[in-house]
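K.L.:
Handing you this structure, nothing more for now.
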Amino acid sequence: MKTGRRQFLSLGTSLVACGTSSISRAAEGAPAVPGTDLPLIVSTWPFGRPANEAALAAILAGGSLLDGVEQGIHVPELDAGNKSVGLGGLPNDAGVVQLDACIMSGPGHRAGSVAALEGIVHPISAARRVMEKTPHVMLVGEGARMFALEQGLASRPNDTAAAYEAWRKKRAEKAAVKPATEKNHDTIALLILGADGNICGGCSTSGWGGKLPGRVGDSPIIGSGLYVDNEVGAAGATGLGENVMRYCGSFLVVELMRQGLHPQEACLEVIRRIAKKDPKGMGISVSFVALDKQGRYGAAGSAAGFQYAVTNRKTSTVLKAPGVGNRDIGPVGGNQSPK
Ligand code: SD4
């Protein structure tokens, strides 16, 4: 369900009126920038906005930051019209949707991840269960699916046998993988800075449409598609995973913030570095979102046009990120909390 701005504001008002107004600013640790309204939620793409709003509602209703991440990401995962997240996403080259997701908790520096997961409605919940119920960080393929089923997560049949046979026959006749374009990949990466100064994040995608069966992108790889460091901040990626994984992209954004860069500048710098090494230069097709412990946030893309969503109790909005190849696309957000 798409939440309109008016509906969102009244939701926020009624929740505050119900006694949750104590959730406001960072109480301890490094304080947020004065005037920053927390929780602050930042995510990729315009479809991140309803996800942010669901995350905020979960937190204002008394949920944890991880509840916010999980319930926020449930929104695009359930949206059958979303062709890049959840079971409505574009299938691989065998006609099968394979999903990747991960989650990270700043407190405890914990992480959980699933990759090449079939038939599970909410991969982000499977990732959270891996983090909370197992001694592992990552489960893949059939093992991940069996684990998710054991955990009682909702599933939908994914009949791979027929799809595989059709794929096997066709494979000899054509190049196996369709080239990635801006149209056959997207991801939700959602980051939250809580009122207590803690940070959590999550990421979920169906990945590169037409990918080879078994291909895993950056999104479930801790440090590539997502990274959270509770002392510094968090970052998440969207775009062509092959161009993020080789550089530990989200980890690098966080490390540059640790060195003092503003989140937006850190995103830009990582894209510059990737583009410099990559023969495709600005054709690398990657974007990052980031927020820091001070409540600053930002995003950048290898090209103009990347949009990201920023939400707090006062406002929920979609901003344009600067593209490294073309920085003159304003208006650009990224200084402090949205006003
Ligand atoms: C992947 N990074 O599987 C994901 C897809 C994506 O924008 O984010 N595309 O490579």
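K.L.:
Quick one: which residues, 5 or more positions from Thr44 or on another chain, have an amide H under 5 Å from its amide H? H modelled 1.01 Å from N in the peptide plane, none for Pro or chain starts.
P.N.:
It is Ala189, Ala309, by chain and number.
K.L.:
Counting other C-beta atoms within 10 Å, and keeping those with at most 14, which DSSP coil trypsin sites (Lys or Arg not before Pro) do you find in region 234-301?
P.N.:
For trypsin sites (Lys or Arg not before Pro) across region 234-301 that sit outside H, G, I, E and B with at most 14 neighbouring Cβ atoms in 10 Å, the list reads Arg246, Lys280.
K.L.:
On to the next question. Apply the Karplus curve 6.51 cos²θ - 1.76 cosθ + 1.60, θ = phi - 60°, to the phi angles in region 37-52 and return the couplings in whole Hz, x for Gly and Pro.
P.N.:
Calculated HN-Hα couplings, in order: 9, 10, x, 10, 10, 10, 8, 7, 6, x, 5, x, 5, x, 5, 4 Hz.
K.L.:
Still on this model: Between region 283-319 and region 101-162, how far is it from one alpha carbon centroid to the other, in angstrom?
P.N.:
26
K.L.:
Per residue of region 196-207, what does 6.51 cos²θ - 1.76 cosθ + 1.60 with θ = phi - 60° give for ³J(HN,Hα)? Whole Hz please, x for Gly and Pro, Karplus curve as stated.
P.N.:
8, x, 7, 10, 9, x, x, 8, 8, 7, 9, x
K.L.:
Can you list the residues, at least 5 places off or on another chain, whose amide H is less than 5 Å from the amide H of Asn92, using H built in the peptide plane?
P.N.:
Val97, Gln98, Gly210
K.L.:
Moving to a separate point now. For region 57-70, what does the Karplus curve 6.51 cos²θ - 1.76 cosθ + 1.60, with θ = phi - 60°, yield as ³J(HN,Hα) per residue in whole Hz, taken in order and with x for Gly and Pro?
P.N.:
4, 4, 6, 5, 7, x, x, 7, 4, 5, 4, x, 4, 5
K.L.:
Assuming R0 = 30 Å, what is the FRET efficiency of Val137 and Arg258, from their Cβ-Cβ distance, to the nearest 0.05?
P.N.:
Efficiency, from the Cβ-Cβ distance: 0.85.
Every number in this text was worked out from the coordinates using simple rules, so none of it is lab data. The model shown is predicted, which means the values in this text are computed figures rather than measured ones. Note: ideal-geometry Cβ built from the backbone for every residue, glycine included; neighbour counts use all protein chains shown.
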